[in-house]
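Step one of this worksheet: look at the structure below.
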Amino acid sequence: MVKAALFVVLLAAAPAGARGAYAPATGLALQPVARDLDRPLALCSPPGDPRLFITEQPGRIRIVEGGKLLAAPFLDIRSRVRSGGEQGLLSVAFHPDYAKNGFFYVDYTDVNGDTRIERYHVSSDPDRADPNSAVLLLHIDQPYANHNGGLVLFGLDRMLYVGMGDGGSGGDPHGNGQNLGSRLGKLLRLDVDHGDPYVVPADNPFARRAGAAPEIWAYGLRNPWRYSFDAPSGLLYIADVGQNKWEEIDAVPARSAGLNFGWNRMEGAHDFKGRGPVAGLTRPIEEYGHDEGCSITGGFVYRGRALPALVGCYVFADYCSGWVRSLRYANGRVSDRREWLHAGPVSSFGVDSSGELYVVTLDGNVGRLVASR
């Protein structure tokens with residue numbers, strides 16, 4: 001078992017600053033959970049399951065159980081995965097009824113560089129998946145090696161959401177973000193309970209529009225690497241990675257269909273290369289410039305019990321600068337901006353079945369957010 005040493009340096013306390021300013025804050029630290037992982041990118045737990053499942057970029061899913069990293073992987077599909085840069089095994093999502101049906105879903109880059117969303121099944125051993133149980137849901141051609149998106153996540157409505165980047169290069173040269181005929185630059189929504197392997201939900205906004213990809217739920221996204229749903233507020237938070245100047249956070253009602261987040265006409269709340277806004281764009285609730293970081297890593301609204309002061313705050317990070325921040329969003333306004341600690345190259349956040357929050361760093365570490373002593 002890993003000892004509960006703290007591996008971060010906390011910042012000095014300060015009063016809250018003006019709009020856009022993040023006040024240095026004390027009170028949080030990271031307690032090590034696992035080390036020496038192979039480029040970990042995501043963490044989650046099946047509903048009601050105390051185990052932690054950690055996705056490694058080269059193509060394995062590892063289990064932490066009872067504070068110990070198990071030697072044997074839960075799933076190993078390294079032979080099917082192209083790994084490096086923004087490609088690899090990018091996330092896993094467990095079905096809400098996983099305890100009964102044993103289904104889980106992965107998003108990975110195949111050996112040809114394209115996105116595959118697949119369903120797998122656990123084996124008779126609860127710590128091992130059946131690697132031969134793969135069922136393909138989506139195969140999406142990727143024109144470039146970056147901006148693959150990468151998150152699969154079940155929403156508050158039990159639908160499976162898939163985050164897709166704009167296809168890569170720079171500036172969205174193919175205009176995928178605003179093209180409803182492309183699945184790139186979108187948030188997709190699939191019903192995996194009423195089809196094999198899925199059906200398009202009847203209330204998807206473009207399900208009946210000629211020429212549109214029927215799986216689209218929202219569009220105008222550059223690279224929604226990580227997003228999350230918050231049940232008490234009913235909000236969907238999307239952290240969309242920016243181009244050269246602005247990183248953005250969007251927060252919208254989870255049931256709002258067909259929203260356009262602006263890319264590539266807008267970067268954050270700003271005009272992008274003279275393309276200018278169009279009517280009906282959904283603006284970010286928060287943004288920061290590249291003087292503060294270069295690549296946002298979205299997180300979660302904290303709803304655990306161990307950190308009462310953080311309840312209701314959205315926690316996020318910047319991959320390049322390494323800071324971990326939080327904000328509170330309510331009634332259309334952002335408040336209580338805090339910068340808590342520096343954790344290194346944060347690739348993802350994760351939540352366990354008890355609602356506690358974890359920080360995943362690409363250099364191989366996973367830590368749990370705890371109160372500092």
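Quick note: the coordinates plus some simple rules give every number you see, no bench work behind them. From a predicted model like this one, the values you see are computed outputs, not experimental measurements. All Cβ positions, glycine included, derive from the backbone under ideal geometry; neighbour counts span all protein chains shown.
In terms of Cα atoms, the Rg and Dmax of the chain work out to 19.4, 59 Å. With a Förster radius of 35 Å applied to the beta-carbon distance between residue 123 and residue 255, the computed FRET efficiency rounds to 0.45.
Residues 360, 33, 311, arranged from fewest to most other Cβ atoms within 10 angstrom of their Cβ, appear as 311, 33, 360. By DSSP, the beta bridges lying fully in the chain are antiparallel in about 95 percent of cases.
Over the stretch 135-217, consider all pairs of different Cα atoms and compute the Kirkwood hydrodynamic radius from their mean reciprocal separation; express it in Å, one decimal. The Cα-based Kirkwood calculation yields 13.2 Å. Any idea how far apart residue 294 and residue 21 come out in nm if each label point goes 7 Å out from Cα toward Cβ? So the two model labels end up 2.7 nm from each other. According to the square roots a ≥ b ≥ c of the eigenvalues of the Cα gyration tensor, what is the shape class of the stretch 167-214, taking rounded for a/c under 1.5, prolate for a/b larger than b/c otherwise, and oblate for the remainder? Prolate, because a/c is 1.5 or more and a/b exceeds b/c. Taking every DSSP helix (H) stretch of at least 4 residues in the chain, weighting each as -39,500 (n - 2.57) and dividing the sum by the residue count yields a mean residue ellipticity at 222 nm of 0 deg cm²/dmol. Largest first and in whole Å, the equivalent-ellipsoid semi-axes of the stretch 83-183 read 28, 15, 10, each the square root of five times a Cα gyration tensor eigenvalue. Evaluated at q = 0.11, 0.19 Å⁻¹, a Debye calculation over the C-alpha positions of the stretch 157-274 (equal weights, vacuum) places log10 I(q)/I(0) at -0.35, -0.99.
Multiplying the residue separation of residue 79 and residue 331 by 0.36 nm and removing their Cα-Cα distance gives an extension gain of 85.9 nm. Using only alpha-carbon positions in the stretch 259-373, the gyration tensor eigenvalues give semi-axes of 28, 17, 12 Å once each is multiplied by 5 and square-rooted (largest first).
Length gain on complete extension for the stretch residue 199 to residue 309, per 0.36 nm per residue less the alpha carbon to alpha carbon distance? Gain on extension, residue 199 to residue 309, equals 35.5 nm. At 1.002 mPa s and 20 °C, plugging the Kirkwood radius over alpha-carbon pairs of the stretch 214-327 into Stokes-Einstein gives what diffusion coefficient in µm²/s? Estimated diffusion coefficient is 147 µm²/s.
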